[in-house]
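This report refers to the structure that appears directly beneath it.
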Amino acid sequence: MAIWIASGNRENWEVVKTHNIWGVPKRSKSLHTRVKVGDTILMYTRSEVRGKDVLPSAIMGEFKVTEIYEDVRLLFTAPPQMGDEVFPYRFRLKPVKIFKEPVELKPLIPELGFVTNKTMWSGHFRQAMREIPEEDYRKIIEAGK
């Protein structure tokens, strides 16, 4: 089974927690055929400024894919540059672990093998989802304990 990091904003993280569903945009249709039932998805949220607070980039939780389907009903919030995107390629999820304290990603970057550019590391998290090696998955999970 594959391990994926899914990248989103905190609004869509709330959708994942509430509905146990993740969606990817039309341009990421190939993921819909590559992701399989039983795969693991780590939910990543980008850094955001909320008032005077800066919320760091972090892994929020771990899920297993239980179903793969398409749905065009509006559920997710698209960033302004994505217009009316509805993220139609969806994955029903089963929570494995929601981290009590999100796993801040920046301190882990030097240890993660899939992050090849340690200086401009955020570029590795700009796509809807990316597959990661099991060794990196273990490092992230261990940091969440």
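Every number here is computed from the coordinates shown, using simple stated rules; none is lab data. This is a predicted model, so every value here is computed, not measured. Neighbour counts are summed over all protein chains in view; Cβ atoms, including those assigned to glycine, are modelled from backbone coordinates with ideal geometry.
Within region 54-101, which residues are surrounded by 20 or more Cβ atoms within 10 Å (Cβ to Cβ) and either out of contact with any helix residue (DSSP H, G or I) (no Cβ under 8 Å at 6 or more places or on another chain) or more than 18 Å from residue 140 (Cα to Cα) (or both)?
58, 65, 76, 87, 89, 90, 91, 93, listed by residue number.
Does region 10-60 hold any residues that are under 20 Å from residue 122 (Cα atoms) and hydroxyl-bearing (Ser, Thr, Tyr), and which are they?
Hits for region 10-60 are 28, 44, 45, 47, 57.
Mind listing whichever residues of region 1-26 are of a type in the set (D, E, K, R) and without any contact (Cβ under 8 Å) to a residue 40 or more places away in the chain?
If the condition is that a residue be of a type in the set (D, E, K, R) and without any contact (Cβ under 8 Å) to a residue 40 or more places away in the chain, then 14 is the only one that fits.
Looking only at region 106-117, count how many residues are within 23 Å of residue 35 (Cα to Cα) and surrounded by 11 or more Cβ atoms within 10 Å (Cβ to Cβ).
3
State whether one or more residues within region 125-135 are assigned to a helix (DSSP H, G or I), touching a strand residue (DSSP E or B) at 6+ places or on another chain (Cβ under 8 Å), without any contact (Cβ under 8 Å) to a residue 24 or more places away in the chain and within 21 Å of residue 2 (Cβ to Cβ).
no
It is to be established whether one or more residues within region 29-36 are touching a residue at least 40 places away in the same chain (Cβ under 8 Å), surrounded by fewer than 19 Cβ atoms within 10 Å (Cβ to Cβ) and part of a loop (DSSP other than H, G, I, E, B).
For region 29-36, residues touching a residue at least 40 places away in the same chain (Cβ under 8 Å), surrounded by fewer than 19 Cβ atoms within 10 Å (Cβ to Cβ) and part of a loop (DSSP other than H, G, I, E, B): absent.
Only one residue in 87, 114 is in a loop (DSSP other than H, G, I, E, B) and within 23 Å of residue 20 (Cα to Cα). Which one?
Checking each option against the conditions leaves just 87.
Just to check your reading of the model, which residue among 72, 96, 16 is in a loop (DSSP other than H, G, I, E, B) and over 24 Å from residue 115 (Cα atoms)?
Answer to the selection: 72.
Inspect region 118-140 for any residue being under 28 Å from residue 89 (Cα atoms), touching a helix residue (DSSP H, G or I) at 6+ places or on another chain (Cβ under 6 Å) and surrounded by fewer than 16 Cβ atoms within 10 Å (Cβ to Cβ) and give the result as yes or no.
No.
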